[in-house]
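Worksheet: the structure to be examined is printed underneath.
The values are calculated or read from the model by the stated rules, or taken from the named source; none is laboratory data. On a predicted model such as this, the values are computed, not experimentally measured, just so you know. A quick note on method: Cβ atoms are made from the backbone with ideal geometry, for glycine too, and the neighbour counts reach across all protein chains shown. Quick note on the areas: whole protein, heavy atoms, side chains included, nothing else; ligands and nucleic acids left out. Shrake-Rupley method; radii C 1.70, N 1.55, O 1.52, S 1.80 Å.
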Amino acid sequence: MVTKKNQVTIYLSDEIRDKIKAIAEQERRSFSFVVEELLIKGLQTTEAEQQK
C-alpha cells in the first residue's frame, strides 16, 4: 500500500550519505526508510531530553 508522504530535499556530506547507504544495504531497506527511522529516533531522543 502506498502512503502519501511529503518530499523533502536535504544536503548531506558524502560521509553521511555513504553511512546511511551502508545501513540501508545491510538492512535491505531503502535510503529514505533509513533516513526516516534515524529522524524518528533523533526526535524521540530530543523530546525525551526536553521533558527532563
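Below are the figures for this structure:
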{"read-out": "Selection count, region 22-52, where residues are open to solvent by 90 Å² or more (accessible area, probe 1.4 Å) and either at negative phi or in contact with a Gly (Cβ under 7 Å, 6 or more places away or on another chain) (or both)", "value": "13"}
{"read-out": "Members of region 5-41 that are part of a helix (DSSP H, G or I), under 12 Å from the mean Cα position of the chain (by Cα) and of a type in the set (Gly, Ala, Ser)", "value": "24, 32"}
{"read-out": "Every pair of residues 6+ apart whose Cβ atoms lie under 8 Å, when the first sits in region 10-31 and is without any contact (Cβ under 8 Å) to a residue 40 or more places away in the chain and aliphatic (A, V, I, L, M) while the second is in a loop (DSSP other than H, G, I, E, B) and open to solvent by less than 90 Å² (accessible area, probe 1.4 Å)", "value": "20/12; 24/30"}
